[in-house]
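Notes follow the structure.
The values are calculated or read from the model by the stated rules, or taken from the named source; none is laboratory data. It should be emphasised that the depicted structure is a prediction, and the values quoted were computed from it without experimental measurement. Because the Cβ atoms are built from the backbone with ideal geometry, glycine has one as well, and the counts that use them run over all protein chains shown.
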Amino acid sequence: MNAIQEEILELKARMGATILAHNYVDAAVQDIADFCGDSLELSRKAKDNSAETIIFCGVRFMGETAKLLSPGARVLMPAKDAGCLMADMCDPEKIRAYKAGHPDHLLVAYVNTTAETKALVDVCVTSGNAERIVTKLGSERPIMFLPDQNLGANLNNRLGMKMDLWPGCCPVHHRIAPDMIKAAREAHPRAPLMVHLECQPEIVALADAALSTAGMLKFVEKSDAREFIVGTECGMIYRLSCAFPDRKFYGIEPKLVCKNMKKITLENVLDCLKGRGFEIEMDPELMAAAVRPIERMLELS
Ligand code: SF4
């Protein structure tokens, strides 16, 4: 622990705050978190949280989800401008127009969406529970899946479904190309290759497993392999290395970085604890509408 990390832990304990961190934030920030996880795990932690203050080390939609599930807590973001490029690809006006034109469709939204988007949909999913939930929803009503066209297409392929797909994606995962996979395979021929479900279907077809980040941890746990190629944001390599110090993990080159996740630093986490964070505040009506699809998700997952 360095001096700033020690100061953070001391202040956090004094305030009785909880620090939640996504698997993609910097290693030094993961080290001071009470809990690191993927969107589904962090949603559950936020719901079970009893602390008055949650410091959310991740992007804005995650902080909003924590606030929706723990409305009595003060949710503070260390970086005001840490947004998600995929979440921004859902324009609420366009969703309203889609709903008006397709009144029979069920809207299933990836949790990587703003509260405004969540307020307009029927149920949320994460990459960890999407397959289970979409299967449970069945095929009684046609489905529009938003905003990740890659996750939606991968689900369609896996489940033999024909969901409509919103034209959105995570630019970090979308840029993984077949030549990057080939180079990684050549460099590490004995390592199984895991990719995130937000990758394009042609990339998923080249991988040994397509998973959420929580799924990657489980995959490694069950595997006899000693080394792995990890096709997701580079923060996950540190998370896996901490969980399995006796195994080796290699990223896909060039390195996959979500610039927004990297806006969370030890300095701004400390600022947050000193009263200079950015509190998530939402209109009560918006909160009531946006929490419904998340609760539905937690019931179904
Ligand atoms: S990795 Fe992709 S989906 Fe995740 S926060 Fe960054 S842009 Fe959004």
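Overview of values
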read-out	value
Selection status of I229, more than 16 Å from the ligand (Cβ to nearest atom) and in contact with a strand residue (DSSP E or B) (Cβ under 6 Å, 6 or more places away or on another chain)	yes
Residue among K262, K274, K222 that is under 28 Å from L9 (Cβ atoms) and over 20 Å from the mean Cα position of the chain (by Cα)	K274
Conditions (1) without any contact (Cβ under 8 Å) to a residue 60 or more places away in the chain; (2) closer than 23 Å to C124 by Cβ; (3) in contact with a Gly (Cβ under 6 Å, 6 or more places away or on another chain); number of the one not met by K45	(3)
Residue selected from the stretch 212-232 under the condition out of contact with any His (no Cβ under 8 Å at 6 or more places or on another chain) and touching a residue at least 60 places away in the same chain (Cβ under 8 Å), by the criterion nearest to N112 (Cα to Cα)	A214
Residue, surrounded by the fewest Cβ atoms within 10 Å (Cβ to Cβ), within the stretch 66-92, restricted to residues that are more than 23 Å from K45 (Cβ to Cβ) and within 13 Å of the ligand (Cβ to nearest atom)	D81
The stretch 162-216: number of residues that are closer than 22 Å to I143 by Cα and acidic (D, E)	2
Residues within the stretch 16-28 that are in contact with a strand residue (DSSP E or B) (Cβ under 8 Å, 6 or more places away or on another chain) and crowded, with 16+ Cβ neighbours inside 10 Å, tallied	8
Selection within the stretch 241-260 - out of contact with any Cys (no Cβ under 9 Å at 6 or more places or on another chain) and away from the ligand (no atom under 16 Å from the Cβ)	S241, A243, F244, P245, D246, R247, K248, F249, Y250, E253
Residue identified as surrounded by 22 or more Cβ atoms within 10 Å (Cβ to Cβ) and among the acidic types (D, E) among D38, D31	D38
Unmet criterion (only one of (1) outside any helix (DSSP H, G or I); (2) within 16 Å of the ligand (Cβ to nearest atom); (3) more than 30 Å from E7 (Cβ to Cβ)) for A214	(1)
Exclusive hit being within 23 Å of I203 (Cα to Cα), outside the structural domain of A214 (by TED's automatic domain parsing) and surrounded by fewer than 22 Cβ atoms within 10 Å (Cβ to Cβ), set N156, N49, N150	N156
Selected residue (only one of L9, L20 is in a strand (DSSP E or B), without any contact (Cβ under 8 Å) to a residue 60 or more places away in the chain and assigned by TED's automatic domain parsing to the domain that holds R74)	L20
Whichever residue in the stretch 169-189 is in a loop (DSSP other than H, G, I, E, B) and among the aliphatic types (A, V, I, L, M) and, among such residues, is surrounded by the most Cβ atoms within 10 Å (Cβ to Cβ)	I176
Pairs with Cβ under 9 Å, 6+ apart, first in the stretch 189-211 and closer than 20 Å to K222 by Cα, second at pLDDT below 95 and β-branched (V, I, T)	H196/T213
Residue in the stretch 87-101 that is free of Cβ contacts under 8 Å to residues at least 12 places away in the same chain and under 21 Å from G275 (Cβ atoms) present	no
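Results for (1) crowded, with 23+ Cβ neighbours inside 10 Å; (2) in a loop (DSSP other than H, G, I, E, B), shown as yes or no for each residue.
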site: P167; (1), (2): no, yes
site: A191; (1), (2): no, yes
site: A207; (1), (2): no, yes
site: F219; (1), (2): no, no
site: V230; (1), (2): yes, no
site: E233; (1), (2): yes, yes
site: P254; (1), (2): no, yes
site: V269; (1), (2): yes, no
site: E281; (1), (2): no, yes
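Yes/no per residue for (1) within 16 Å of the ligand (Cβ to nearest atom); (2) among the β-branched types (V, I, T):
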residue	(1), (2)
K94	no, no
K99	no, no
P103	no, no
L106	no, no
N112	yes, no
K118	yes, no
V125	yes, yes
R132	no, no
P142	no, no
